[in-house]
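> Encoded as structure tokens, here's the structure I'll be asking about.
Each reported figure results from applying straightforward, stated rules to the coordinates on display, with no laboratory input. A quick note: this is a predicted structure, and the numbers were derived from the prediction, not measured. Here the Cβ is made from the backbone with ideal geometry for all residues, glycine too, and neighbour counts use every protein chain on show.
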């Protein structure tokens, strides 16, 4: 471990213990490198009904928070460096294939984190130099290395470079070179799932799992615009490096895709009295927000760092954040699953989170942090005013009657056409008024549907479409809608059950819809996360039994060969609109009613669904 601090401030010719205490420095150096890239490939041939799609999303994040304690800027006293380092990876690859009536889907996920602590054995090389006198600083560096701990030799260095060292400017620019070589490894999980469906509706699921190693990567930064500032309570060294660039990436299809790389380094050292500060990551660096108030919108990510700046040597322990309100680290939706990442790290010096509940006029929330420094407990706080968008209306327009109609599979029993139409309007108020934002819907569904298929006189076989809550069709439902001002978004659904080959059908389908909000990009460095605003619930039940010849020579026109027996449309099943208190979650998705054979037979077309099916003509719970 090497630590060199050429602060170019006052220090005596012969350093006494008192002088040495005055020269102690303490602070934090935060480093982060994030790499994200994604590509999507779609291939199709001329054969109708055949297509394939493959997507990949990758995120790799390296972070290090280094606590620096130095008893001597010239490197002759005690030096301590410590702090957490980590490398986090998430790579998700999805593939879909469809050929005629068969299809397959696979998802491969690599997730994991390597973590450890930077100890004295790790290398941290920090060099501070006054820009206008770099050569002089290099001379001091070489002379100090030659002197070692010889106080008389150091006194001669002081006399030689006196004019340089006694620069009384209150503030002057410096440049810094920072290098960190962490020592940590970890293990990630590799999972792969594949689901295929053949032309007979039979589904086959395969799963595989494994592991892979993750290593923390070295990081190096050159900060050319640092600042050395003198003050009554102590001197301060600050500097920020930030770079965001898109680097070309060649996908497996040979096409060029952007790979976004963001690098950040923040240095904050002081030799003043013990003091606890809270900083917030912004586009321009970490901003001191201690005892200040920030306006924030639900879904805008917040990244905070707390640090003790002190003149004395001491260890931090018993760190603790207190954050009021409902928070989450991350939520992501996709076809076929959702992913909720809770907030962790309440016992560390840095934390990232998102509020997903607020108020239209703003709700004041105080974030508190405390830490034990040596024998003393230090506390700090900062304030946020958390705003939520105004949902000016959510109108449900449910169907009045179960009926027949032409759907994807020919004649179907519908819960209405459409069964439900939802119209929503949202706008931003207060400090966020006039900014662009986006809305979308998520729809989940559960089904208990049975049909009696004609398989040859005089036999029928029961077919079923029964599943618990899954994502309906795709994510998002009906796409995104972005606007400035009042944003209006509408969705419609016409769920049905196929009738063309059925002697009877018994359907019960229930739905949960979420109105989701994506806020405008904030000044904070963290980005955004979608949040739920409203939750709608609706359902329908219906049945139809064939009339006339049980096995006719030709199929009658839709609606003329069956008669509705159970008629519980969405309007009669108490559709509801509520506040969305939690995020939607699901595993798997469905695309319309896909009844599968049960190998349960009968010769009577008027039979009810098999015992144990749980079907009845009601609106359920």
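> Based on the Cβ-Cβ distance from residue 607 to residue 222, what FRET efficiency comes out when R0 is 56 Å, to the nearest 0.05?
FRET efficiency, residue 607 to residue 222: 0.10.
> Find the relative contact order for segment 421-468 and round it to a whole percent, using C-alpha pairs within less than 8 Å whose residues are 6+ positions apart.
After rounding, I find 28 percent.
> Sticking with this structure for a sec: Please work out, to two decimal places, the log10 of the ratio I(q)/I(0) at q = 0.18, 0.22, 0.25 Å⁻¹ from a Debye calculation in which every Cα of segment 242-307 carries one identical scatterer.
Treating every Cα as an identical point scatterer, log10 I(q)/I(0) equals -0.83, -1.02, -1.14.
> Further, regarding this structure: Using only C-alpha positions, report the orientation-averaged shadow area of the convex hull of segment 363-439, nm², one decimal. Numbers along the way, then the final one.
Details: hull surface 43.9 nm².
That works out to 11.0 nm², a quarter of the Cα hull's surface.
> If each residue's Cβ is checked for other Cβ atoms within 10 Å, how do 39, 601, 339, 460 rank with the fewest at the top?
By the 10 Å Cβ count, ascending, the order reads 601, 339, 39, 460.
> Distance between the C-alpha centers of segment 175-205 and segment 549-621? Whole Å please.
Computed from Cα coordinates, the inter-centre distance equals 38 Å.
> Another question, if that's okay. Label residue 171 and residue 244 with points 7 Å out from Cα along Cα→Cβ: what is the distance between them in nm?
Here the modelled spin labels are 2.5 nm apart.
> Of 394, 267, how do they rank once you tally other Cβ atoms within 10 Å and put the fewest first?
394, 267
> Okay, next question. May I have the convex hull volume per residue, in Å³, for the Cα set of segment 390-602?
Normalising the Cα hull of segment 390-602 by residue number yields 119 Å³.
> Quick one: Cα convex hull volume of segment 485-538, Å³ per residue? The partial results should precede the final answer.
Working: hull volume 6.6 nm³, N = 54.
Per residue, the Cα convex hull of segment 485-538 comes to 122 Å³.
> Report P(r) for segment 273-388: all Cα-Cα distances, bin width 5 Å, range 0 to the bin holding the largest distance, values in whole percent.
2, 11, 20, 21, 18, 12, 8, 4, 2, 1, 0
> Grab the Cα-Cα distance for residue 346 and residue 209, subtract it from 0.36 nm times how many residues apart they are, and report the gain in nm with one decimal.
46.2 nm
> Something else now. Taking the number of other C-beta atoms within 10 Å as the exposure measure, put 535, 347 in order starting with the fewest.
So the ranking, lowest neighbour count to highest, is 347, 535.
> Measure off 7 Å from each Cα along the Cα-to-Cβ vector at residue 486 and residue 578, then give the distance between these two points in nanometres to one decimal.
Between residue 486 and residue 578, the simple spin-label model gives 2.8 nm.
> Still on this structure: If each residue of separation counts as 0.36 nm, what is the full-extension length gain between residue 284 and residue 115 once their alpha-carbon separation is subtracted?
Between residue 284 and residue 115, full extension yields 58.1 nm more.
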